[in-house]
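None of the figures in this text is laboratory data; all of them are computed from the coordinates on show. Predicted model only: the values in this text are computed from it and were never measured. No Cβ is skipped: glycine too gets one built from the backbone with ideal geometry, and neighbour counts run over all protein chains shown.
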Ligand code: ADP
Ligand code: MN
Ligand code: MN
Ligand code: MN
């Protein structure tokens, strides 16, 4: 048995947007099953998850992947936070998704999440002149060349790391605002996509750290005529993917319209700064769905129309959303 390094990752109690934390535990390896990874603990009083007089919080492993940074048999462990008696902590949104996913398992929900993010070096987005602005948006989306894209080395390393870790990454692209990028996960089941998105976010921060860069998920990292950052969530059920599924997609859009406020409430903090009705968004105060419509709340992609089956794209979730909450409410609204 060789010693391995297990990086335990958890979601803290920061509000309104939780942050990722992690620390390393040495285990006897190699590890091949989740049940071989022990529970662990941390000081909850340092993560806004406890008071000082009763500060121990437990981390319970829910998923693990090979650690693409340390290599070898080292692993990354996604955990959920519990009280010492095993009760879920209030900051643990995964327990609810687990329940909702189980209740509607027969619908076979799939998710594809487009995670947008913005690199910063110091106070400026990567590639921006210190204290100033680059040329107006236009050439940067999916651009090429040192004058148009910034941070590609980090993006490539992150994509490679995700593949090595077995994360279901499906692509990347440079975004409309310079220094802004996107990666896509899926389609995957609800718990898989959500656990993997949190691990992929951790990898992004960790790899960018080596370059002296930080990645932010703020929905509107720069005020003004610059695109915000979202996490478009593509969703389908077995019925939507089957012949005649188009009518099920439309019915789902109608249901989503009835619960707009409840959805927006868990779609990420400061999302009102992003969902203005400009920059390829629909106002946070309105709900609209439409075919190919990038100014709608929900877009029905053209292939779904053409094939008469497929999926819908909820464009409302912001980049800083919690996928445990977003996946849970989508399943609940559409499948109930
Ligand atoms: P966009 O044109 O909006 O930029 P992307 O190519 O960035 O689209 O992302 C599309 C997403 O849709 C991907 O994450 C992909 O996994 C997901 N997807 C594809 N098919 C399905 C499906 N049937 N159900 C759910 N998600 C899907
Ligand atoms: Mn996209
Ligand atoms: Mn995008
Ligand atoms: Mn999209």
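Would you mind pulling out the separation of the Cα centroids of the stretch 249-296 and the stretch 199-227, in Å?
That distance is 23 Å.
Using a Förster distance of 30 Å, how high is the FRET efficiency between residue 156 and residue 293, based on the Cβ-Cβ distance and rounded to 0.05? Please list the in-between numbers first.
Details: r = 32 Å, r/R0 = 1.07.
Plugging the Cβ-Cβ distance into 1/(1 + (r/R0)^6) gives 0.40.
Can you put 181, 10, 202 in order of Cβ neighbours within 10 angstrom, beginning with the fewest?
202, 181, 10
Whole angstrom only: what separates the Cα centroid of the stretch 38-58 from the Cα centroid of the stretch 59-120?
Here the two parts' Cα centres lie 19 Å apart.
Relative contact order for the stretch 169-270: what is it in percent, counting Cα pairs under 8 Å that are at least 6 residues apart?
Relative contact order, the stretch 169-270: 15 percent.
Cα gyration tensor of the stretch 2-114, axes a ≥ b ≥ c as square roots of the eigenvalues: rounded (a/c below 1.5), prolate (a/b > b/c) or oblate?
oblate
Could you tell me the calculated FRET efficiency between residue 255 and residue 39, based on Cβ-Cβ distance and R0 = 35 angstrom, to the nearest 0.05? Walk me through the numbers before you get to the answer.
Values: r = 39 Å, r/R0 = 1.10.
Step by step, r from the Cβ atoms, then E = 0.35.
Starting with the fewest neighbours, write out 246, 133 ranked by other beta-carbon atoms found within 10 Å of each beta-carbon.
133, 246
Which parts of the stretch 303-336 would a label at residue 88 reach, counting a residue when its backbone N lies under 19 Å from a point 7 Å out along Cα-to-Cβ?
Taking a point 7 Å out along Cα→Cβ of residue 88, the residues of the stretch 303-336 whose backbone N falls under 19 Å are 321-336.
Can you give the helix-only mean residue ellipticity at 222 nm for the chain, where every DSSP H stretch with n ≥ 4 adds -39500 (n - 2.57) and the sum goes over all residues, rounded to the nearest 500 deg cm²/dmol?
-7500 deg cm²/dmol
Which whole-number percentage describes the relative contact order of the chain, with Cα contacts under 8 Å and a sequence gap of 6 or more?
16
By how many nm would the segment from residue 106 to residue 15 lengthen if fully extended, with 0.36 nm per residue of separation less the alpha-carbon distance?
Full extension of this stretch gives 29.3 nm more.
Kindly put 162, 335, 253, 142 in sequence by how many other C-beta atoms sit within 10 Å of each C-beta, fewest to most.
Placing the least packed residue first, the sequence is 142, 335, 253, 162.
For the stretch 144-217, just say rounded, prolate or oblate: build the C-alpha gyration tensor, square-root its eigenvalues into a ≥ b ≥ c, call rounded for a/c under 1.5, and beyond that prolate if a/b exceeds b/c, oblate if not.
prolate
Please say if the chain is rounded, prolate or oblate, where rounded means a/c under 1.5 for a ≥ b ≥ c the square roots of the C-alpha gyration tensor eigenvalues, and otherwise the choice is prolate for a/b larger than b/c and oblate otherwise?
oblate
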